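Please read the structure below before turning to the comments.
The values are calculated or read from the model by the stated rules, or taken from the named source; none is laboratory data. This is a predicted model, so every value here is computed, not measured. Positions of Cβ are generated from backbone atoms using ideal geometry, with glycine treated the same way; all protein chains shown enter the neighbour counts. Surface areas here come from the heavy atoms of the whole protein model, side chains and all, with no ligands, DNA or RNA. Shrake-Rupley method; radii C 1.70, N 1.55, O 1.52, S 1.80 Å.
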Amino acid sequence: VDVPEGIFLEPVLWAVKKGITTGTSETTFDPLGQCGRATVVIFLWRAAGCPEPTATVSPFTDVSINDWYAPAVLWAVEKGITTGTSATTFSPFEVCNRTTVVTFLWRYMSEPEASTACGFSDVPAGAWFEAPINWAVEEGITNGIGNNLFDVLGVCNRVQVVTFLHRLMA
């Protein structure tokens, strides 16, 4: 009931139908809710078909093998989608920004090169996030937030995450 008709309805319905998310209740999605790193990785893992990781021990002190998100985190590490926020931490509840989400998707797709630069004023040439953002724009996953901005540090809310996934995988 909290996702009105419009650009985001189709991605949310797709994500629910595919089992990527069940929402935050039986009748709500919380589209503007913030996504932690664990939630983003869980969404991507589910969209990829819930592949089983081979690891049975977590490399991170803040991810127990019994945590609900552990299989997704272990898979994401094995696939090279994330290395964590340090050598020993994943930071599962740290809020994801738009750059992190796009980088996870880019790594999931094996770091493809884009043929053109996005030209956003907040994406400097040579920045570590330039290649993922260029790719995401070229693939139609995002077109920024307007005014020639990507919003590199902007929080990537739940509806943006499932929209990015939908544009990549639907």
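For the chain, the solvent-accessible area with a 1.4 angstrom probe is 50 square angstrom per residue. Loop only per DSSP, at most 16 neighbouring Cβ atoms within 10 Å: give me the chymotrypsin sites (Phe, Trp or Tyr not before Pro) in segment 18-73, ordered by residue number. Within segment 18-73, the qualifying chymotrypsin sites (Phe, Trp or Tyr not before Pro) (loop, at most 16 other Cβ atoms within 10 Å) are Trp68. The value given for segment 1-52 is a Kirkwood hydrodynamic radius of 11.6 Å, derived from the mean inverse Cα-Cα separation.
Checking every one of the trypsin sites (Lys or Arg not before Pro) in segment 1-83 against DSSP loop status and a limit of 11 other Cβ atoms within 10 Å picks out no site at all.
Hull volume per residue, based on the alpha-carbon atoms of segment 1-155 and their convex hull, is 121 Å³.
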